[in-house]
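Have a look at the structure below, then the notes.
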Amino acid sequence: MSLYKDIMWNLPGFSKTAKDEKEEESMKRIFHLFPKRKRSLRSPPNKKHSPPPLSKLPIKKRTVYQYTTTTKTPQWIRRLKKDMNIADDPFLLAEKPLDLDDVDPDQNRLSIPFQSLKRNDFLTCDEGVILGDERVNNDGRIGVAACLVDQRNKQWKMVLKKWVRVSDSGKVLQSFLLSGAWSDVVEANGLRDGDNISLWSFRLNGFLFFALDFAGDSINFLE
């Protein structure tokens with residue numbers, strides 16, 4: 001039965017016919033077969049996801065990486081800091097055993113593979129740009145000026161550069177090379193293939209310094 005008829009029958013001058021009454025009775029029997037559903041007084045759930053208040057959101061802390069080493073600063077380096085009035089503490093930069101190429105006077109360089117580095121934040125932005133220039137890589141004539149101090153407090157003029165090569169398997173291998181007077185350092189300190197060294201770094205008046213600690217055979221850095 002239509003809504004139009006319901007309204008019309010309530011108006012003055014209109015009355016139901018026998019056909020209308022029969023149709024109305026038929027519709028009542030049909031609706032009687034289906035029970036009415038109870039309407040909930042609760043408001044329909046909001047399907048949209050509402051984010052939790054900011055105060056309840058978990059705060060993810062930024063990971064701060066700290067460099068740690070079990071190697072204590074050698075006594076002679078602590079004394080060097082005092083004698084040279086070094087402001088910041090020298091830090092361990094790398095540990096490695098020397099190989100045949102490191103003590104070869106014809107090559108005259110100390111190779112410092114990236115994987116042997118204890119930290120990689122020892123360069124200034126300008127120095128990083130210089131060593132990141134492809135024209136500098138694998139070219140022994142250009143690099144970053146530095147100074148190396150041995151255990152006898154003798155200073156040697158050095159040049160630091162980056163060396164990049166590709167292995168037979170296609171892997172890119174990167175190293176720092178310390179050249180300049182390196183062969184003189186090897187000869188003066190009697191360094192040999194297999195000797196274990198540790199390289200420390202610091203700055204004096206902004207200039208890059210390295211301190212070479214000769215560990216001898218007491219420590220095996222390959223273990």
Going through 77, 59 one at a time, which residue ends up being β-branched (Val, Ile, Thr), in contact with a Pro (Cβ under 8 Å, 6 or more places away or on another chain) and either at pLDDT 95 or above or part of a loop (DSSP other than H, G, I, E, B) (or both)?
77
Where residue 169 falls short, out of the listed (1) at pLDDT below 95; (2) under 25 Å from residue 73 (Cα atoms)
(2)
Would you be able to tell me the number of residues in the range 166-178 that are over 19 Å from residue 92 (Cα atoms) and in contact (Cβ under 8 Å) with a residue 24 or more places away in the chain?
2
Just to be sure before I move on: is residue 120 closer than 30 Å to residue 82 by Cα and modelled with pLDDT under 95 in the structure I sent?
yes
For residue 163, are the conditions met, namely being closer than 22 Å to residue 83 by Cβ, touching a residue at least 24 places away in the same chain (Cβ under 8 Å), assigned by TED's automatic domain parsing to the domain that holds residue 101 and of a type outside the set (Gly, Ala, Ser)?
no
What are the residue pairs meeting all of these: first residue in the range 199-218, first residue closer than 15 Å to residue 91 by Cα and modelled with pLDDT under 95, second residue among the charged types (D, E, K, R) and part of a strand (DSSP E or B), Cβ atoms under 7 Å, and 6 or more apart or on different chains?
none
Please name all residue pairs, on different chains or six or more residues apart, with Cβ atoms under 7 Å, provided the first residue is in the range 111-129 and is under 16 Å from residue 199 (Cβ atoms) and the second residue is assigned to a loop (DSSP other than H, G, I, E, B).
111/101; 111/102; 118/67; 118/69; 119/67
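The values are calculated or read from the model by the stated rules, or taken from the named source; none is laboratory data. Just so we're clear, the structure is a prediction, and the values are computed from it rather than from any experiment. Reconstructed Cβ throughout: ideal geometry from the backbone, glycine too, with neighbour counts over all protein chains shown.
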